[in-house]
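A short worksheet on the structure shown next.
The values are calculated or read from the model by the stated rules, or taken from the named source; none is laboratory data. The model shown is predicted, which means the values in this text are computed figures rather than measured ones. Note that we place each Cβ from the backbone using ideal geometry, even for glycine, and neighbour counts take in every protein chain shown. Heads up: the accessible areas ignore ligands, DNA and RNA and are worked out on the full protein's heavy atoms, side chains in. Shrake-Rupley method; radii C 1.70, N 1.55, O 1.52, S 1.80 Å.
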Amino acid sequence: MFRSIWVSIVAVSLLATVGVVGILGAYVGFPRAYYQWAGRVFSGAMLWAGGTPVNVIGLENIDRERPQVIASNHQSMYDVWALAAVIPVRNHFVAKKEVRKIPIFGRVSEAAGHVFVDRGHRISAIES
């Protein structure tokens with residue numbers, strides 16, 4: 001229980017600073033590099049606060065010169081944080097199109113360059 005409270009305090013603190021700046025940036029046109037940095041900082045802090053160690057194997061297989069798909073099994077929210085914290089190249093996440101409709105979060109996700117997929121239409125999902 002104490003760990004959950006601590007994680008919540010860290011999350012709220014970061015969202016009140018890095019998150020608010022990101023929200024404003026989504027409306028004034030911050031560069032995507034800000035969102036990469038903010039995602040890495042937020043994710044690293046959440047892993048630290050949650051006491052979640054991340055063991056990375058295979059970083060040498062990432063080709064820094066071309067786009068790649070890196071997938072996780074999404075067993076928990078920590079999967080997203082682990083990927084965002086440790087992948088050493090610019091990254092974007094894929095989300096279902098409904099995420100775009102979430103107030104503020106959808107706009108920030110779009111500004112960060114994340115990809116939205118219509119899972120109900122296979123062809124448009126592949127095009128995304």
* Among the residues of the stretch 7-15, is any over 22 Å from Ala112 (Cβ atoms), over 17 Å from the mean Cα position of the chain (by Cα), modelled with pLDDT under 90 and of a type in the set (Val, Ile, Thr)? -> no
* Asked: When the stretch 24-45 is examined, which residues are found to be over 18 Å from Trp81 (Cβ atoms), open to solvent by 50 Å² or more (accessible area, probe 1.4 Å) and assigned to a helix (DSSP H, G or I)?
  -> Leu24, Tyr27, Val28, Arg32, Ala33
* To do: Would you confirm whether any residue within the stretch 8-16 is open to solvent by 60 Å² or more (accessible area, probe 1.4 Å), assigned to a helix (DSSP H, G or I) and farther than 22 Å from Ser76 by Cβ?
  => yes
* Asked: Cβ-Cβ below 9 Å, separation at least six or inter-chain, first residue in the stretch 43-59 and more than 17 Å from Val18 (Cβ to Cβ), second loosely packed, with under 15 Cβ neighbours inside 10 Å and among the charged types (D, E, K, R): which pairs?
  -> Gly50/Arg3; Gly51/Arg3
* **Residue check for Trp37: modelled with pLDDT of 90 or more, farther than 18 Å from Ala112 by Cβ and among the aromatic types (Phe, Trp, Tyr)** => no
* Top-ranked residue in the stretch 48-76 [being open to solvent by 100 Å² or more (accessible area, probe 1.4 Å), hydrophobic (A, V, I, L, M, F, W, C) and assigned to a loop (DSSP other than H, G, I, E, B); ranked as farthest from Trp6 (Cα to Cα)] -> Val69
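Could you say which residue among Ile57, Ile104, Ile62 is of a type in the set (Val, Ile, Thr), under 16 Å from the mean Cα position of the chain (by Cα) and modelled with pLDDT of 85 or more? Walk me through it before giving the result.
Details: Ile57 fails: under 16 Å from the mean Cα position of the chain (by Cα); Ile62 fails: under 16 Å from the mean Cα position of the chain (by Cα).
After ruling out the rest, the residue left standing is Ile104.
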* Asked: Is there a residue in the stretch 98-119 that is open to solvent by 90 Å² or more (accessible area, probe 1.4 Å) and more than 26 Å from Pro31 (Cβ to Cβ)?
  -> yes
